[in-house]
Amino acid sequence: MDRLSEISPTGWLALAAWVAVVLLVAALVYAWRAYQRSREQAEELTKPNVAMYMEPAPQDWHLIELVVKNFGQTPAYNIRFEWHNPPTVGRYEQVYDDRFVDIVPLNLPAEIPYLAPSQEWRIVWDSALDRRELGETIASRFDGAVTYYDRPKDDKRGKRYRYRSTAVLDWATLHPVERIELLTRHDLARQEKQKLELLRNLLTYYHWATRESREEVLRNEINRVRNAAERMREKVTSTQAAVELQRAQPRPADPPAPPFRPERPAVPARAARHAQPDGEYPDPEYAGYRDDAGAPVRPDDSEPQTEIINGRHRLV
């Protein structure tokens, strides 16, 4: 206390000035850090945010599309793909005689120049039905990423930043294809394509067959084509007959209910002593009444008989 009392008013003013400077510096540091945090949050909200994923097409549930969409609030530039293993698809337009299909990479562009906020880019990847037929011969999981920038290349306003978003595309995460398969436009188009392919093969066969001049060879080919057409006609006819027979077959009727048989009342065992020796009663009204031991009895004799002796009841 003596030392504090010895401090002059000038010393107190200097001490107060230093405390004010320390508080001011602390306030400036706190304000700077708060400004930096708010600036980072604003940049995080305003920067482009591009994601890559797969989803069923709105028109056909079995068609799967690859989607690249910008979920951010600013445009994304120069979007490129990076793959650890690029996505693959079957080349269904070229099917070999043994039903083998070539597996080729999905045809993706080298770069998407621009995506506005909420804008998306789509491409049909594959059909879940066709991919199920390929089984394990085609991969189902693909690891990749998309890289993009927040400014174009020739922008002079400042430095542009590069971003990268990873993605895992897995067919096993989609809904199973074991469901009711409706005949959609895609299915109709595929059937018509198969019919045209059959017609083209027949015309090609006819074109080469007409160049043959040997009679025995032509006769063999005519017989072979006729036999194939006959087998196809019989197959179609038998299939249609089986369907019509199944439709015309009557539905099996339910089995008839068993006849109603009322249960006979149980007879106490005490009535066994009233059974006749021959085991039957002449009166048909009492036929079939038996006690627990199987002996025939009279239902009206099953009640216990009593007599009064000296004012008391006693069983007979």
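The values are calculated or read from the model by the stated rules, or taken from the named source; none is laboratory data. From a predicted model like this one, the values you see are computed outputs, not experimental measurements. Here the Cβ positions follow ideal geometry from the backbone for every residue, glycine too, while neighbour counts run over all protein chains shown.
Whether any residue in the range 14-30 is closer than 30 Å to E120 by Cβ, outside any loop (DSSP other than H, G, I, E, B) and at pLDDT below 85 is what I want to check.
First, the residues of the range 14-30 that are closer than 30 Å to E120 by Cβ: none.
No: zero hits.
Before we move on, is T88 polar (S, T, N, Q) and in contact (Cβ under 8 Å) with a residue 40 or more places away in the chain? Working first, answer last.
Values: polar (S, T, N, Q): yes; in contact (Cβ under 8 Å) with a residue 40 or more places away in the chain: yes.
Yes.
On the given criteria, is P75 surrounded by fewer than 13 Cβ atoms within 10 Å (Cβ to Cβ), closer than 24 Å to D150 by Cα and in contact (Cβ under 8 Å) with a residue 24 or more places away in the chain?
no
Which of (1) over 26 Å from R190 (Cβ atoms); (2) in contact with a Ser or Thr (Cβ under 9 Å, 6 or more places away or on another chain); (3) outside any strand (DSSP E or B) does S38 not meet, given it meets every other one?
Every condition holds for S38 apart from (2).
Would you mind telling me which numbered condition in (1) out of contact with any Gly (no Cβ under 9 Å at 6 or more places or on another chain); (2) in the same structural domain as R162 (by TED's automatic domain parsing); (3) among the acidic types (D, E) E40 fails?
Looking at each condition in turn, E40 falls short on (2).
Say we look at the range 58-73 and pick out the residues that are in a strand (DSSP E or B) and in contact with a Pro (Cβ under 9 Å, 6 or more places away or on another chain); which of these is modelled with the lowest pLDDT?
First, pick out the residues of the range 58-73 that are in a strand (DSSP E or B): 63-70.
This time we only want the ones that are in contact with a Pro (Cβ under 9 Å, 6 or more places away or on another chain), so: 63-66, 70.
Working: L63: 87, I64: 90, E65: 92, L66: 94, N70: 94.
Here the answer is L63.
How many residues, within the range 149-163, are in a strand (DSSP E or B) and either touching a residue at least 24 places away in the same chain (Cβ under 8 Å) or under 16 Å from P87 (Cβ atoms) (or both)? If you could, list the steps in order and put the result at the bottom.
The initial filter retains those residues of the range 149-163 that are in a strand (DSSP E or B), namely 149, 162-163.
Of the ones still in play, those that are also either touching a residue at least 24 places away in the same chain (Cβ under 8 Å) or under 16 Å from P87 (Cβ atoms) (or both) are 149, 163.
Number of matching residues: 2.
If a residue has to be at pLDDT 80 or above and basic (K, R) to count, how many in the range 74-102 make the cut?
Result for the range 74-102: 2.
Only one residue in E197, E178, E216 is modelled with pLDDT of 60 or more and either in contact with a Leu (Cβ under 7 Å, 6 or more places away or on another chain) or loosely packed, with under 10 Cβ neighbours inside 10 Å (or both), so which one is that?
On the way: E197 fails: either in contact with a Leu (Cβ under 7 Å, 6 or more places away or on another chain) or loosely packed, with under 10 Cβ neighbours inside 10 Å (or both); E178 fails: modelled with pLDDT of 60 or more.
Matching residue, one of E197, E178, E216: E216.
Would you mind finding the one in V146, V101 that is free of Cβ contacts under 8 Å to residues at least 40 places away in the same chain and surrounded by 13 or more Cβ atoms within 10 Å (Cβ to Cβ)? Show your work before the answer.
On the way: V146 fails: free of Cβ contacts under 8 Å to residues at least 40 places away in the same chain.
Criteria check complete, one pass: V101.
Does the range 41-57 hold any residues that are outside any helix (DSSP H, G or I) and more than 23 Å from N78 (Cβ to Cβ), and which are they? Steps first, answer last, please.
Going through the range 41-57, the residues outside any helix (DSSP H, G or I) turn out to be 47-57.
Within the range 41-57, E55, P56, A57 qualify.
In this structure, is R3 part of a helix (DSSP H, G or I), modelled with pLDDT of 80 or more and on the phi < 0 side of the Ramachandran plot?
Values: part of a helix (DSSP H, G or I): yes; modelled with pLDDT of 80 or more: no; on the phi < 0 side of the Ramachandran plot: yes.
No: the conditions fail for R3.
Looking at the range 116-164, which of its residues are among the charged types (D, E, K, R), under 27 Å from the mean Cα position of the chain (by Cα) and modelled with pLDDT under 85? If you could, list the steps in order and put the result at the bottom.
As a first pass, look at the range 116-164 and keep what is among the charged types (D, E, K, R): 120, 122, 126, 130-133, 136, 141, 143, 150-151, 153-157, 159-160, 162, 164.
So of that shortlist, the ones also under 27 Å from the mean Cα position of the chain (by Cα) come out as 120, 122, 126, 130-133, 136, 141, 143.
D130, R131, R132, E133, E136 - these are the residues of the range 116-164 that are among the charged types (D, E, K, R), under 27 Å from the mean Cα position of the chain (by Cα) and modelled with pLDDT under 85.
Hey, could you check the range 41-57 for residues that are at pLDDT below 75 and acidic (D, E) and say which is farthest from F71 (Cα to Cα)? Outline the logic, then answer.
To start, the set of residues in the range 41-57 that are at pLDDT below 75 comprises 41-45.
Filter once more, keeping what is acidic (D, E): 43-44.
Values: E43: 14, E44: 12 Å.
The extreme case among them is E43.
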